[in-house]
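The values are calculated or read from the model by the stated rules, or taken from the named source; none is laboratory data. All values reported here derive from a predicted model rather than from experimental measurement. Using ideal geometry, Cβ is built from the backbone for each residue, glycine included, and neighbour counts are taken over all protein chains shown. Accessible surface areas use protein heavy atoms only, side chains included; no ligands, DNA or RNA. Shrake-Rupley method; radii C 1.70, N 1.55, O 1.52, S 1.80 Å.
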Amino acid sequence: MNRRHFRQLFQIQGAPVTQGQREQMAQYTFRVMNNARQRTWEASARYVHGQGITDVPALKPYPIDAVEQMLEQAVPDTVFGDPVDETTRTTPHIVEEARKSVARAASRHAQQPARETVQQVAEASGEEIGWARMLTGARSCGFCAMLASRGAVYRSDKSALFRGGASMTAYNNGCDCIAVLVREGIPWEAQDSHAQLEKLWQDATEQTSGKNSLN
């Protein structure tokens, strides 16, 4: 997602706290969201084609209502103990924290087409498939890198991406990982980076444990 877009939008409009404000911000954000979702879907389609699968599910329509709901859910009720309302929504620290929260939610919405495409292909194939976690961001936290280093140990895309398979509970905020199909005997995307991460994890944990290993 284009974080600069949200930074400029929040600096101009403040945090949206009413339905009218959310509708206005959604109007400015809708095309950006759709473009981001189109790009991630195209990336997932290329990946699926690379796995020898020609039948790729179409990109699902994304209504502007989804952006409005995302804004309503992502803008916090309080920031550092201060209420987020009409009187405070343009306060700098509230604007910044609300923007960060919305940017993280928008990133999840943008990644969703790729996740859904891979999941639908897996469900349609009927084959025994393993799943691996793949990093997609320019920078990733140590926790995501650790999970990606495990390789194809997950039995479903949900177990790869979410705690306990619960689709509403991501491993951590701002995560832009995706789950990828792994078929026996077929090279998979991020296989090389997995090997590097696995070695890095082994080296990092040789004399450390817990948070020190992640760091």
Any hit, segment 112-119, residues being under 18 Å from the mean Cα position of the chain (by Cα), of a type in the set (Lys, Arg) and in a loop (DSSP other than H, G, I, E, B): no
Which listed residue is modelled with pLDDT of 70 or more, of a type outside the set (Val, Ile, Thr), open to solvent by less than 40 Å² (accessible area, probe 1.4 Å) and not in a helix (DSSP H, G or I), from Leu197, Leu181, Leu147: Leu181
Failed criterion for Ser213 (all others in (1) small (Gly, Ala, Ser); (2) in a helix (DSSP H, G or I); (3) under 23 Å from Arg104 (Cα atoms); (4) modelled with pLDDT under 80 hold): (3)
Exclusive hit being among the acidic types (Asp, Glu) and buried (at least 16 other Cβ atoms within 10 Å of the Cβ), set Glu72, Glu42, Glu68: Glu68
Within segment 48-86, tally of residues that are assigned to a loop (DSSP other than H, G, I, E, B), farther than 22 Å from Tyr28 by Cβ and among the acidic types (Asp, Glu): 2
Residue list for segment 93-120, filter: among the aliphatic types (A, V, I, L, M), under 18 Å from Arg183 (Cβ atoms) and out of contact with any Ser or Thr (no Cβ under 9 Å at 6 or more places or on another chain): none
Which listed residue is acidic (Asp, Glu), in contact (Cβ under 8 Å) with a residue 12 or more places away in the chain, out of contact with any Lys or Arg (no Cβ under 6 Å at 6 or more places or on another chain) and surrounded by 15 or more Cβ atoms within 10 Å (Cβ to Cβ), from Asp157, Asp55, Asp85: Asp157
Meets criteria (farther than 24 Å from Val182 by Cα and either crowded, with 17+ Cβ neighbours inside 10 Å or touching a strand residue (DSSP E or B) at 6+ places or on another chain (Cβ under 8 Å) (or both)) for Val48: no
